[in-house]
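Beneath this line is the structure, given in structure tokens, with notes to follow.
The values are calculated or read from the model by the stated rules, or taken from the named source; none is laboratory data. This one's a predicted model, so the numbers in the text were calculated from it and none came from an experiment. Because the Cβ atoms are built from the backbone with ideal geometry, glycine has one as well, and the counts that use them run over all protein chains shown. Calculation scope for accessible area: heavy atoms of the full protein, side chains included, ligands and nucleic acids excluded. Shrake-Rupley method; radii C 1.70, N 1.55, O 1.52, S 1.80 Å.
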Amino acid sequence: MANRYGQLFRTPGVTALALSGWVARLPSTMVGVGIITMLSLTRDSYSLAGSVAATLMLATALLTPQVSRLADRYGQSRVLPPATGIGALSLLALVLCSRLDAPHWTLYLCAAPAGCLPSIPAMTRARWARLLEGKPLLPTAFALDSVLSEISFVMGPPLSISLCMAWFPEAGPLTAALLILFSVSALLRQKSTEPPAHPAAPGSGRSALFLRPVPVLALLMGTLGAIAGIIDVAAVAFAKAQGSPAAAGWVLALYALGSGMGGLAFGALKPALPLGRLLLCCCAATAASSVFIALAPNVFWLAAVMLLSGLSFAPTLIVAMEMVEKAVPRARLTESLTWLVTGILLGVAGGASLCGLTIDAYGARAGLSLTLAAGACALLIAAALPRAPSPKSAVEDAC
């Protein structure tokens, strides 16, 4: 393990890209939960807080692929500053509206344009592909990137909530907005890793969502996101029903820890199997673990199972990203990777919403059982996935 990661960090530019990419993605994990905490404190309405956060998530799903398409065409250094500026200013306006007790409709009006904040995971992975093009260390770099994402998701939400509680209700989203401006600027300083701009070509007006295997993999990422969203809600409800509400934090932390461990190990010891077979194995492990999640007799069992379940999450994402990197032309890479991230976001939102309705109607155990359906869907999609095309055929699909 030390050998592969040692080789990676001895490559010029890797340390700066890893550090700036991690700092740049941290504020994005703070925004959603920060908005919910802020509005629940200032407006005393969880329904309002949830709907405003959902507006932001939906806008993000719609706008970030378009920002990534522009980044592919004109370059990150030209597209990210205005996109980041619009998104950060919108967040600041949202904070101001909350502070001034402005009408509810102003909150939605500010949340929508904040969705144009760039997808930092897609931007950094495109930079990894640029920096390590043609080198066998790219899967290891993707693994490192996934682990850094997990660290962000472990640190970001608690930090945002703590700021809102300790300082003032708007402190979490305000800090995230300011950190976004600083961190994206730091990422853009890494000129040597920036992918080149690719001018418009015939057929490039179509979305990268039409390039194989992007739509199928985005759907697969949606099932993984649904599992994460289900667990976010069900763990809290199940722990409360078991009389240990504080244990929900450990359940979620162990899930992220398992994913980080799986990503690190996969990057160091990648099996010599075709990507399609690797993806199928990862999804089979996810489906199998969902059975034990649904059958968990108590919260301690659930925490242990979540650690094991998380081991397959990051490897699945890493393989999917590598399949896209090998299949689509460089001119469409950032947008294609963004669609996979969008699939996860939509899956998290849908899974969390469905789980909440199910728990209200049938209880926490039923909410956990939803992971069975999501795990089975992931396995079926992976089994039905055709062999990834070559970059040439991907270009032909785009035309």
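Out of (1) open to solvent by 20 Å² or more (accessible area, probe 1.4 Å); (2) modelled with pLDDT of 85 or more, what's the single condition that is false for LEU62?
(2)
Out of all the residues in region 312-369, which are hydroxyl-bearing (Ser, Thr, Tyr), at pLDDT 85 or above and either surrounded by fewer than 24 Cβ atoms within 10 Å (Cβ to Cβ) or within 23 Å of VAL67 (Cβ to Cβ) (or both)?
Correct list: SER369 only.
Any residue in region 44-63 that is over 20 Å from ASP101 (Cβ atoms) and among the hydroxyl-bearing types (Ser, Thr, Tyr) sitting within a Cβ distance under 9 Å of a residue that is assigned to a helix (DSSP H, G or I) and modelled with pLDDT under 80? List the pairs, counting only those 6 or more apart or interchain.
Once the first residue is over 20 Å from ASP101 (Cβ atoms) and among the hydroxyl-bearing types (Ser, Thr, Tyr) and sits in region 44-63, its partners that are assigned to a helix (DSSP H, G or I) and modelled with pLDDT under 80 give THR60/LEU345.
For a quick check of your reading of the model, give me the residue pairs whose first member lies in region 287-314 and is within 16 Å of GLY367 (Cα to Cα), whose second is crowded, with 21+ Cβ neighbours inside 10 Å and aromatic (Phe, Trp, Tyr), with beta-carbon atoms closer than 7 Å and at least 6 apart or on different chains.
Partner pairs satisfying both residue conditions: VAL299/PHE238; LEU302/PHE238; MET306/TYR255.
Just need a number here: residues in region 119-166 that are in a helix (DSSP H, G or I) and either within 27 Å of ARG99 (Cα to Cα) or not aliphatic (A, V, I, L, M) (or both).
So the answer is 27.
Out of THR140, THR124, I need the residue that is modelled with pLDDT of 85 or more, touching a helix residue (DSSP H, G or I) at 6+ places or on another chain (Cβ under 8 Å) and farther than 25 Å from ALA49 by Cα. Which one?
Answer to the check: THR124.
Scan region 214-236 and give yes if some residue there is out of contact with any Gly (no Cβ under 8 Å at 6 or more places or on another chain), modelled with pLDDT under 75, open to solvent by less than 60 Å² (accessible area, probe 1.4 Å) and closer than 21 Å to SER312 by Cα, otherwise no.
No, region 214-236 contains no residue that is out of contact with any Gly (no Cβ under 8 Å at 6 or more places or on another chain), modelled with pLDDT under 75, open to solvent by less than 60 Å² (accessible area, probe 1.4 Å) and closer than 21 Å to SER312 by Cα.
Just checking, does region 211-228 include any residue being assigned to a loop (DSSP other than H, G, I, E, B), without any contact (Cβ under 8 Å) to a residue 24 or more places away in the chain and among the hydrophobic types (A, V, I, L, M, F, W, C)?
Checked region 211-228: no residue is assigned to a loop (DSSP other than H, G, I, E, B), without any contact (Cβ under 8 Å) to a residue 24 or more places away in the chain and among the hydrophobic types (A, V, I, L, M, F, W, C).
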